[in-house]
Amino acid sequence: MILRTFQDLRLSPSVVSAIDELNFSEPTPIQQKAIPLLKAGCDVIGQAQTGTGKTAAFGIPLAERISENNDTQALILTPTRELALQVANELKKITKYRNVHIEAIFGGQPIVPQMKALNRGVQVVVGTPGRILDHIKRKTLVTAKVEMVVIDEADEMLDMGFIQDIELILKQMPAKRQTMLFSATLQNDIKRLAKRYMDDPTTVSVTRGNETASTVDQVFYRTFEAHKLEALTRIIESKHIEVAIVFCRTKKGVSTLAKSLNEKGYKAEELHGDLTQPQRLQVMKAFREKRVRLLIATDIAARGIDVAHVTHVVNYDIPED
């Protein structure tokens, strides 16, 4: 079954009302392919790039299936804090008219408030593997009633070294469950993970190689390492860049570039894994409010950034993939 419109799904009135408020006009390709399978209870491997509507692809079936008792019934694993918050916020919008509690749980925050929230009853938990595993070990996150597990941005999590944590978490899940895995790429270690922990999954793909969005113009500039800063500042001025994200490979590179740009009079802030969670939230708030012109970030730290007014993205260093 290929989903052409959301009406084809015969969704519950509460979910339909929430979708209407989100102005979802028609499903994206990944939603067309994944939602019918997920509603039917199948395990699904979804291959799609960030920004293709993956959250709603698993969020809509999840909203239909979750009951309103206090048991934790769905667990969603994400590679970064920012993505955990973004996914949780999106799910809250989809479940707006249902009595469902969703909690984002990640490191860098005090653990006691998270424990209290889980004790009150949370139907959907979204979090990073390390902190999720910590709560499972403390028995503050009870997984006996979990029916759905989502592994989001699987390739990024494996690149970040979360494979062992993910496997430990999956081993704690009930054998009878629905598992969904979303990834931009499907390298061998992801296939091995799926074979070991998923039940005859169906693979759906909406990506072809390194395809980029048709609305994005791609440009590259040749320069020497010693001239990169000067080249960047010329580009900022000549292209009349108002708000941009600039990616560097390392935390040190981010800090060095942010300092150099500020010394030249540009309002720049840095975002990387060494910042505390309050610092990261403060930086993102300033960026969303356009009080910061340039956000200098590592690619991993930037997972989950969703800022509509960004006009330019610059890879100051060549991306690793």
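The values are calculated or read from the model by the stated rules, or taken from the named source; none is laboratory data. Since the structure is predicted, the reported quantities are computational estimates derived from the model, not experimental observations. Glycine also receives a Cβ, built like all others from the backbone with ideal geometry; neighbour counts cover every protein chain displayed. We work out accessible area using only protein heavy atoms, side chains counted, and drop any ligands, DNA or RNA first. Shrake-Rupley method; radii C 1.70, N 1.55, O 1.52, S 1.80 Å.
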message: Scan the stretch 111-124 and tell me whether some residue there is basic (Lys, Arg) and part of a helix (DSSP H, G or I).
response: yes
query: In the stretch 176-192, what residues are within 20 Å of residue 62 (Cβ to Cβ) and either of a type in the set (Phe, Trp, Tyr) or open to solvent by 10 Å² or more (accessible area, probe 1.4 Å) (or both)?
result: 176, 177, 182
query: Take the residues of the stretch 261-275 that are surrounded by fewer than 20 Cβ atoms within 10 Å (Cβ to Cβ) and closer than 23 Å to residue 110 by Cα: which is modelled with the lowest pLDDT?
result: 273
message: I'm checking my understanding of the structure. Among residues of the stretch 108-117 that are out of contact with any strand residue (DSSP E or B) (no Cβ under 7 Å at 6 or more places or on another chain) and of a type outside the set (S, T, N, Q), which one is most open to solvent (accessible area, probe 1.4 Å)?
response: 116
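Working carefully through the options 64, 103, 68, 82, find the one that is touching a strand residue (DSSP E or B) at 6+ places or on another chain (Cβ under 8 Å) and not aliphatic (A, V, I, L, M).
103
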task: Could you please find all residues in the stretch 276-321 being over 18 Å from residue 51 (Cβ atoms), modelled with pLDDT under 85 and surrounded by 12 or more Cβ atoms within 10 Å (Cβ to Cβ)?
output: 277, 280, 281
- line: Note on the stretch 144-163: residues surrounded by fewer than 19 Cβ atoms within 10 Å (Cβ to Cβ) and within 15 Å of residue 175 (Cα to Cα) are 144, 145
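Name the residue, out of 29, 36, that is more than 26 Å from residue 119 (Cβ to Cβ), touching a Gly at 6+ places or on another chain (Cβ under 9 Å) and in contact (Cβ under 8 Å) with a residue 12 or more places away in the chain.
Answer to the check: 29.
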